[in-house]
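Can you keep this structure in mind? I'll have questions shortly.
The values are calculated or read from the model by the stated rules, or taken from the named source; none is laboratory data. Remember, it's a predicted structure, so these values are computed and weren't measured experimentally. For neighbour counting, all protein chains shown are included, and Cβ atoms are generated from backbone atoms with ideal geometry for every residue, glycine included. Just so you know, the surface numbers come from the protein's heavy atoms only, side chains and all, with ligands and any DNA or RNA stripped out. Shrake-Rupley method; radii C 1.70, N 1.55, O 1.52, S 1.80 Å.
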Amino acid sequence: MNAIVALCHFCELHGPRTLFCTEVLHSPLPQGASSGDIAGQNEQAEEEEGGIQMSSRIRSHSPAEGASADSSSPGPKKSDMCEASMKLCGCRSLAGGHPGYVSHDKETSIKYVSHQHPNHPQLFSIVRQACVRSLSCEVCPGREGPIFFGDEQHGFVFSHTFFIKDSLARGFQRWYSIITIMMDRIYLINSWPFLLGKIRGIIDELQGKALKVFEAEQYGCPQRAQRMNTAFTPFLHQRNGNAARSLTSLTNDENLWACLHTSFAWLLKACGSRLTEKLLEGAPTEDTLVQMEKLADLKEESEGWDGSEEEEKPSSQPDVVEGQELSKCSPETSLMPDCNSWNVAHRRLSVFRSLRHMRQVLGASAFRMLAWHVLMGNQVIWKARDADLVQSAFDVLRTMLPVGCVRIIPYSDQYEEAYRCNFLGLSPHVQIPSHILSSEFAVLVEVRTATRSSLYPTLFDDEQSLNKYEFVVTSGSPVAADRVGPTILNKIEAALTNQNLSVDVVDQCLVCLKEEWMNKVKVLFKFTKVDSRPKEDTQKLLSILGAAEEDNVKLLKFWMTGLSKTYKSHLMSTVRSPTSSESRN
């Protein structure tokens, strides 16, 4: 996450000051870092936490740490520091000459660097301005709590102000803030709950340590009574060197800055990895709507079974599975083997792994013929002894169609008409009517026992189950090799033949192609069925959609049957409403 986390303090002499900050470096360390990386120069304290390696050697003196800094350096001038500036006081965190801290993220090769001020002049200015605003004008009611402010030029800031107990301070407390600065406003706002919880935890720990020190000091030497017994003098003139105490003194923790570096580095890493970009689809897709309708219908049927005392229907007619493969058995009989044989969860591993795999098994020409019939809505018949093989083939082929266009009878002992299913699995002994075999609206895939051990090269190590079969694809209207075919089929084949695309990428391409053509289907449905436009206008529309060819028109008409009832009823109700009719007139 490209951000800076800083601890700020309100000094009673100089106002808001930056005490400690942690930034993310995606490139080599800033100029001057190499001098601090010489082996043996500084004592190293390395540890690993959450994949981050921490080291105390970062760089040599920063411009803010000594008189050697030139006038152009971004750090504060020596004259602006508190008294005893070379000591640890309220305006300083690390002692002069301290190299700072760095953590190396081994997973991403990112460095998390902590020191008192950013080394880059522009970053120093941004942090300085955020520090001043967080401890002056940008304060929530009560002066303690979180607040958000910023702009495009100086970045956006999440600030959490808090008090630390100090027996020597005015009002027995000092004012601090932890700020997170980044340029991405949306990301910072979305990270608000996470940052609030983690930063609040850091603050609670600091306040708890300081409270113990405060109570111990008050028990030994109560300051309130001593001040009341002292004659009034200007408070600032009473201060001595001990009054301007550092945070390490207030918490009695010598390892405070190393702990803060670890916390800030983890905060930057965790906040950057907890949010990822996602594609927002907006309204539900047609497939989603159809699936929801199928589930609702199935729920109503199951409730009807639970409340009725009628006898079970005979199982002579196989169930048609539309869209998802949902068993139509009642809950009481869902454990029966014959009723649950097509449940996906209980089937063994699929024989066909993807469309690309099926194309390699069947061959390019046979697969094109099969895919053409699938996309056109013709009946696809598979005859095989292995029911799992048929089911696996249907699982792969159905991915080319919208959910609403899929009607499957997985395996049957008799032929079923095309109006009942467009995917039909048959056992080898089933006789198919002759008019179906010669029809141009059906394709038959016969899975026969191979005459030799291997008919095609083995594509996977565990593919021996397919070597014993040969696949014969026939149809009354074979697709000619030079036929253009529907546009979506050509794009699918182009994706399958592109070996640079993985199977997952091809699946996503298929989803995008289906959504593109379903949008065309919606336009055509609205134009022809709802608005009832003449045929001439429809032809012009098809030309605009790039679907004027015969195969594309047939595909659109078939896919129109896959539109959800929700979408159709919405269009019809819109047309029939008085407001819509008035707007059309």
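Just to verify a number: what accessible area does LYS491 come out at with the full protein assembly present, 1.4 Å probe, Å² rounded to tens?
So the heavy atoms of LYS491 present about 90 Å² to solvent.
Which one of LEU510, MET572, LEU542 has its Cα pushed farthest toward the positive end of the charge dipole of region 504-576, where Lys and Arg give +1 and Asp and Glu give -1 at the Cβ?
Checking the options against the dipole of region 504-576, the answer is MET572.
Still on this structure, I have one more. Return the FRET efficiency for the residue pair LEU25, CYS137: r is the Cβ-Cβ distance, R0 is 41 Å, and the value is rounded to the nearest 0.05.
Numbers: r = 31 Å, r/R0 = 0.75.
Given R0 = 41 Å and the Cβ-Cβ separation, E is 0.85.
Solvent-accessible area of GLU550, probe 1.4 Å, all protein chains present, reported in Å² to the nearest ten, please.
Rounded to the nearest 10, the figure is 120 Å².
Quick one: net charge around PRO478, please, counting Lys, Arg +1 and Asp, Glu -1 for every other residue with C-beta under 11 Å from its C-beta. Don't skip to the end; give the middle numbers.
Details: positive: ARG368, ARG483; negative: GLU440.
Net local charge, PRO478 excluded: +1.
Moving on. Whenever you get a sec, compute what percent of the accessible area on region 169-221 sits on carbon and sulfur atoms (1.4 Å probe). Kindly include the intermediate steps, with their values, before the conclusion.
Values: 1600 of 2650 Å².
For region 169-221, the apolar C and S fraction of the accessible surface comes to 60 percent.
Considering only protein heavy atoms, with the full assembly of protein chains and a 1.4 angstrom probe, order TRP192, TRP372 by accessible area, largest first.
Result of the area sort, largest leading: TRP192, TRP372.
Return the tail of the calculated pair distribution for region 504-576, meaning the percent of Cα-Cα pairs more than 16 Å apart. Spell out each step's value before the answer.
Values: 1363 of 2628 pairs.
Roughly 52 percent, rounded to a whole number.
With label points built 7 Å along Cα→Cβ from the Cα atoms of LYS565 and LYS212, find their separation and express it in nm.
6.7 nm
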